[in-house]
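Just below is one structure, and these are the notes that go with it.
Read-outs: derived from the displayed coordinates by stated rules, not from any lab. Predicted, not measured: the structure shown is a model, and the values here were computed from it. Cβ coordinates were reconstructed from backbone atoms using ideal geometry, including for glycine residues, and neighbour counts include every protein chain displayed.
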Amino acid sequence: MKEIFWDGRLETGHAVIDADHKNLIHLYNQVVSVANHQAGKLVCNNVLDRLIEHAKAHFEWEERLMIEYAYPEKEQHIAQHEALIRQAMNYRLDPGSSDSRMPLVELSEHWLTHHMVTADQQLTSYLAAVVPSGGATDT
Ligand SMILES: [Fe+2]
Ligand SMILES: [Fe+2]
């Protein structure tokens, strides 16, 4: 399992969204770290819960922007957010199981970065076209 490093490909150009994404990557890397160090289930679940909590808040913020600026792809984007949270929840370790490691390879490849470079970049392109600030001051 590898950490994700921020680079230009992940950038959407929207200051608030990029700042949130950097924070989510930071939290994701903490999950990778505890998983790689084979920390106990409670610790793994706690850091994963922190990532999920921040991801939910970020997704809700993006969804408010979509509603406010009548984003035409809103339904599909929100459905992706819901699926991402469900997928992340699946990585929580069952306290009663014998598994002690988190299978995060899939999560690293698709869960975080794929959504950023596809759906979120489409959203920010739309916002840049319809509102001069890109909605960046609406937090
Ligand atoms: Fe999104
Ligand atoms: Fe996002």
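Before moving on, here are some points about what is shown:
- Here the translational diffusion coefficient of segment 10-96 follows from Stokes-Einstein with Rh set to the Kirkwood radius across Cα pairs; for 37 °C and 0.692 mPa s it amounts to 232 µm²/s.
- Cβ-to-Cβ counts within 10 Å put 2, 41 in ascending order as 2, 41, the fewest first.
- The calculated FRET efficiency for the pair residue 19 and residue 82, based on their C-beta separation and a Förster distance of 25 Å, comes to about 0.60.
- Which of 5, 59 has the fewest Cβ neighbours within 10 Å, and the rest in rising order: 5, 59
- Burial ordering of 89, 66, fewest other beta-carbon atoms within 10 Å first: 89, 66
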